[in-house]
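So the structure is just underneath, and the comments pick up after that.
The values are calculated or read from the model by the stated rules, or taken from the named source; none is laboratory data. Fair warning: this is a prediction, and the values are worked out from it, not measured in the lab. Note that we place each Cβ from the backbone using ideal geometry, even for glycine, and neighbour counts take in every protein chain shown. Ligands, DNA and RNA are stripped out before the accessible areas are found, and what is left, the full protein with its side chains, is counted by its heavy atoms. Shrake-Rupley method; radii C 1.70, N 1.55, O 1.52, S 1.80 Å.
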Amino acid sequence: MKTLGTITIVAGLALGGAVTAQDANPLRNAYFGETHMHTALSLDAYIGGARLMPSDSYRFAKGEPVLVNGRHKQLDRPLDFAAVTDHVEFLGEMYSTIFPDAPGHRQETLAELRNLQSLKDKQEWFFKYVVSNNRGDNPSHPPFYMGEETTKSGWQIVVDAAEEHNEPGVFTALIGMEWSAVPNGGNMHRNILFRDDVVPELPLSSYDTNKVEELWTWMQQITDNGSTVLAIPHNSNASKGLMFPDVDSYGDPLDLDYAQTRAKWEPLIEMMQIKGNSEVHRSFWAADEFADFENADSIQKNSNRWFSKRDFVREGLKLGLAYERELGVNPFQLGFIGGTDNHNGLTSDDAEDDFIGGHGPEDGSVDRRRTAGVGGWIDGVDLSIGSIGGVWAEQNTRGAIWDAMKRRETFATSGPRIKVRMFAGDGLATDLADPTAMVEEGYAKGVPMGAVLPDQTAAPVFNVYAEKDAQGANLDRIQIIKGWVDSSGEMKETIIDVVWSGERAPDAAGVLPSVGNTVDVTKAVYTNDIGTATLMGSWTDPDFDASVGAFYYARVLEIPTPRWTTYDAVRNGLPLLPEVAATIQERAWTSPIWYAPAG
């Protein structure tokens, strides 16, 4: 193991007015935000033309206009919270690159980086100094790195930007970073989020260690020194089986220590981002009629990232139950959050009708998005717009937002600001018509999404509620996905349509008819003549076995709407692309509720 060194904790002064306990809503509010964003301090973003700095990214999140790729961009609605999560690996190198008085600024290699013009030259430079190094067994800083002091200086810019823009009660700027290990090309990235301004002077990078167990050790060390921190693994669809492994980073079978340590530090997983949806894939979930959604197949063209079932979150949840049976602790007890992974500084820029790509010239033109892609990662047509995270918190402060993440009372959507809640408990009412009453009873007599149901004698009731994006499409249905491991050790799952719009009824095989489709693909428009604005329903598990552990999460589907590729085609007088869907059903996912039998 490479030495982690002496850890120094620094604390700043968070700006913004005081928020009192009287401002808190005990029934909790839905807040939307970004947990995965890169600016010019990430080398891969900078080489792609990103010039927005962390402070600019927060300004954009708060609703201010910025200039990107030669055009003005502005969110139609500000976010409630955001974290800039630049790659730690090159914070020092980018500090030297950007600031004229920084150590090493005049190095020939950095001058070359600042003046790269063609996409080909940028790709070749990036492969030489980044890709060929990062995806090896022992990655290290490039020769133009000027030492830890430059990393500290780059990190301080990230911290200062969050401190500048944090406004308790108005906008929460979380201090964050990305640890970006890619052993042998398998994505093991984690976004690290801090609860407050007590942060280490020097963050850990995958050049210090590319083993996640040693990342967790570092997190314990900074916690011992006063930090409060969690990690969010992401992009499991590109992990080559490493995100939900059967062995640890040293090749040893997973044991109790691994399970306890991962469960301690990683309460959430990123369900979706610009490189696709990691819930499920149609190749492995043929029985799930909605599994063919932003599958990002072309990820498999690079670094031998061939998909396997265990690269996807639903399978990971089932594997977690299997390990819990074996070890007594579930290492993959993960709630859901969303992010974009944009490399242009545009936090939660996730509107289908205004997608400009997220990687500068790699996907910054209609032609590149249709005919090329992001080198080393994905074809342009397979990009999604990203995802947005939602939390249920008492108030909009760092502490409340972070605490919601820690207890997994979170949800993710594929872009729209759909609100969704789920509660479970023995004896919850099944005939409630008022969502407020559902929430009050849920907290009083049951548990919210993200929680664990204790041992039950009777089948629990699951109450769900969803509300459409006020500026978006109507809702089709709410489903509950259940997963469990039976007494023989076989992993199983089932999907239940709980409540839906209109007068539809399941057929003899239990299949609910389609909601319909109002999209005119020749104009890239739809209407809300189908679907509904809200859905509320109840389901009691008829196959509940009090001796068998299980998870349950809700999935909300919108009615069909145009995909970004359709908007691109119509705006530019081009034909629709046959290799991708012209319409999609945007969606939201709640964090699971787990049932844990006694013993």
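A few comments on the model shown:
- Checked against the criteria, Thr518 counts as crowded, with 17+ Cβ neighbours inside 10 Å and either part of a loop (DSSP other than H, G, I, E, B) or modelled with pLDDT of 95 or more (or both).
- Within region 293-302, tally of residues that are farther than 18 Å from Thr413 by Cβ and either part of a loop (DSSP other than H, G, I, E, B) or open to solvent by 90 Å² or more (accessible area, probe 1.4 Å) (or both): 2
- Index of the failed condition, Pro100 passing every other in (1) assigned to a helix (DSSP H, G or I); (2) without any contact (Cβ under 8 Å) to a residue 40 or more places away in the chain; (3) surrounded by fewer than 17 Cβ atoms within 10 Å (Cβ to Cβ): (1)
- Cβ-Cβ contacts under 8 Å between residues 6 or more apart (or on different chains), taken from a first residue in region 387-403 that is over 16 Å from Thr228 (Cβ atoms) to a second residue that is of a type in the set (Ser, Thr, Tyr) and assigned to a loop (DSSP other than H, G, I, E, B), are listed as Ser387/Thr340; Ser387/Ser414; Ile388/Thr340; Ile388/Ser348; Gly389/Thr35.
- Among the residues of region 420-433, those identified as of a type outside the set (Ser, Thr, Tyr) and at pLDDT 95 or above are Val420, Arg421, Met422, Phe423, Ala424, Gly425, Leu428, Ala429.
- Taking region 150-259 and the strands (runs of 3 or more DSSP E) fully enclosed by it, the elements with 2 or more residues that are over 20 Å from Phe332 (Cβ atoms), modelled with pLDDT of 95 or more and open to solvent by less than 30 Å² (accessible area, probe 1.4 Å) are at 172-179, 198-200.
- Filter pass, Glu579 being open to solvent by 70 Å² or more (accessible area, probe 1.4 Å) and without any contact (Cβ under 8 Å) to a residue 60 or more places away in the chain: no
- Within region 170-209, the residues that satisfy the criterion of being polar (S, T, N, Q) and over 21 Å from the mean Cα position of the chain (by Cα) are Asn184, Thr209.
- Every condition in (1) under 30 Å from Pro233 (Cβ atoms); (2) in contact (Cβ under 8 Å) with a residue 12 or more places away in the chain; (3) of a type in the set (Asp, Glu) is met by Asp431 except one, and the failing one is (1).
- For region 130-147, filtering for residues that are surrounded by 12 or more Cβ atoms within 10 Å (Cβ to Cβ) and either free of Cβ contacts under 8 Å to residues at least 60 places away in the same chain or not in a helix (DSSP H, G or I) (or both) leaves 11.
- Contacts under 7 angstrom Cβ, first residue in region 283-307 being without any contact (Cβ under 8 Å) to a residue 40 or more places away in the chain, partner among the aliphatic types (A, V, I, L, M) and part of a loop (DSSP other than H, G, I, E, B), 6 or more apart: Trp285/Ala291; Ala291/Val280
A quick yes/no check of all residues on (1) among the hydroxyl-bearing types (Ser, Thr, Tyr); (2) closer than 30 Å to Tyr129 by Cα:
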residue: Ser365; (1), (2): yes, yes
residue: Arg370; (1), (2): no, yes
residue: Gly389; (1), (2): no, no
residue: Ala393; (1), (2): no, no
residue: Thr397; (1), (2): yes, no
residue: Ala404; (1), (2): no, no
residue: Pro416; (1), (2): no, no
residue: Gly427; (1), (2): no, no
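- Residues of region 353-411 classified as farther than 14 Å from Gln273 by Cα and assigned to a loop (DSSP other than H, G, I, E, B), total: 14
- Selection from region 55-94 of residues that are over 27 Å from Ile418 (Cα atoms), assigned to a loop (DSSP other than H, G, I, E, B) and touching a residue at least 24 places away in the same chain (Cβ under 8 Å): Asn69, Asp86
- One residue stands out in region 449-489 among those that are in a loop (DSSP other than H, G, I, E, B) and of a type in the set (Ser, Thr, Tyr): the one that is modelled with the highest pLDDT, namely Ser488.
- Residue selected from region 43-54 under the condition not small (Gly, Ala, Ser) and not in a loop (DSSP other than H, G, I, E, B), by the criterion surrounded by the most Cβ atoms within 10 Å (Cβ to Cβ): Pro54
- Residue count for region 412-436, restricted to those that are assigned to a strand (DSSP E or B) and within 25 Å of Asp353 (Cα to Cα): 4
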